[in-house]
Structures are given as C-alpha cells and as structure tokens.
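The values are calculated or read from the model by the stated rules, or taken from the named source; none is laboratory data. If you're wondering where the values come from, they're calculated on a predicted model, not measured in any experiment. For neighbour counting, all protein chains shown are included, and Cβ atoms are generated from backbone atoms with ideal geometry for every residue, glycine included. Just the protein is used for accessible areas: all its heavy atoms, side chains included, with ligands, DNA and RNA removed. Shrake-Rupley method; radii C 1.70, N 1.55, O 1.52, S 1.80 Å.
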Amino acid sequence: MTIAIYAGSFDPITNGHLDIATRAAKLFEKIIIAVYDAPNKHPLFTTEERVEMARQATVGLPNAEVVSFTELTGAFAKRVKAQTMVRGLRMGADFEREFDMAMMNKRLFPELELVCFMASVEYQFLSSTLLKEAASLDGNISDFVPEHVAIALRKRVHSKM
Ligand code: ADP
C-alpha cells in the first residue's frame, strides 16, 4: 500500500493545508496527516484540538487519517510504514527551509522519499501565523479556513486578549 505522511503543526489547519492533503489523497492509497505535538512552539491550540479540527476538516477524504506525533518526522514515518513524506511549497518562503530539511532527512532516513506540491495560487500567501494575526484583529478569515476552524479561532484569539 502506498502510504504518505503530511506532517506539520496545523495550528490551525487551513484551506492551504487541505488543498495539499486533498491533492495528495489522489496520489497515495493512504495519507496520514501527522500533527506535530510542538511543545516548544507554544501553539495556540492544544494537540488534541488541532487533531480534532483536522479530523473534521478531512471527513470528506476517506483515505486520510489524522494522528499526532512527538518524535522526528522521519522516525514517525518509519513507524507508520509510510514510504513518502508530503510537503507544500509556497513561493519564496518555504523553499530554503524545506531544502535543508529534505537534505537532513535524506541522510537520516535514506529510504523515505519526499514529494513537494506547489501551493495553489489562491493559498500562496496563507499561513497559520498570518491567519491568527488576521483573526485577532477581527479580519474576515472565512475564505481561508473551514467554518468550524474559523469559529474556534475567533473564540480562542478573543479569549486570549
Ligand atoms: P510547520 O510547523 O512544519 O511549518 P505547518 O503546519 O505550517 O508546519 O505546515 C505544514 C506543511 O504545509 C508545510 O510543508 C508547509 O509548507 C505547508 N503549507 C503551509 N501553508 C500552506 C499553504 N497555504 N499552501 C500550501 N502548503 C502550505
């Protein structure tokens, strides 16, 4: 079975992430959306909340599964028997970081392949960080996240103010 993992913080999951997951789900028999526990990144949402939001967002993708992980992404991929790691690339911002990570991963996990998807034009500028900033300033975020994420995000940013 072809299994790919799509790992990230997903704090929270956006339509940009979902676009990548949906496209990947067409290429692989199973896609595991792997939510990094990210204890050092001080995420806005807990790991359980990020997993739950991603689960709800991907109910329409029968071959997608959402789980959390704490170890190195490559080690996690090996554990769940994924052959491929999926990443999304936005113009400019992502390439250098992704390139460095890819080189490191190739050294540490030579059998793991990387497939990068170019972010779709409409989501090139979309990041969870910008989204949180827009939400905290009452910007209209409805084009960028599923409805349940928008509700949770508005609630969370206002409870922190
Ligand atoms: P990380 O904490 O590793 O940066 P993210 O949750 O921000 O994780 O993103 C996970 C993956 O999704 C990364 O490969 C990132 O480049 C990609 N990604 C993030 N936002 C978008 C977007 N708007 N369009 C396409 N890919 C994206």
Check your understanding: Of Ile13, Ile3, which residue is more than 13 Å from the ligand (Cβ to nearest atom) and either under 15 Å from Glu113 (Cβ atoms) or modelled with pLDDT of 95 or more (or both)?
Key -> Ile3
**Study point:** Selection count, the stretch 1-17, where residues are touching a residue at least 40 places away in the same chain (Cβ under 8 Å), more than 18 Å from Glu147 (Cα to Cα) and open to solvent by less than 50 Å² (accessible area, probe 1.4 Å)
**Key:** 6
**Study point:** Residue match in the stretch 18-38 (condition: in contact (Cβ under 8 Å) with a residue 12 or more places away in the chain, in contact with a Lys or Arg (Cβ under 7 Å, 6 or more places away or on another chain) and within 13 Å of the ligand (Cβ to nearest atom))
**Key:** yes
Exercise for review: List every residue pair whose Cβ atoms lie under 7 Å apart, where the two residues are 6 or more positions apart in sequence or sit on different chains, the first residue falls within the stretch 57-78 and is assigned to a strand (DSSP E or B), and the second residue, located anywhere, is open to solvent by 60 Å² or more (accessible area, probe 1.4 Å).
Suggested key: Val66/Arg55; Phe69/Tyr36
Practice item. Could you please find all residues in the stretch 73-86 being farther than 15 Å from Val35 by Cβ and either surrounded by 13 or more Cβ atoms within 10 Å (Cβ to Cβ) or hydroxyl-bearing (Ser, Thr, Tyr) (or both)? Key: Gly74, Ala75, Lys78, Gln83, Thr84
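Quick grid of which residues meet (1) within 20 Å of Leu27 (Cβ to Cβ); (2) near the ligand (Cβ under 10 Å from one of its atoms); (3) touching a Leu at 6+ places or on another chain (Cβ under 6 Å):
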site: Ala77; (1), (2), (3): yes, no, yes
site: Leu108; (1), (2), (3): no, no, no
site: Cys116; (1), (2), (3): yes, yes, yes
site: Thr129; (1), (2), (3): no, yes, no
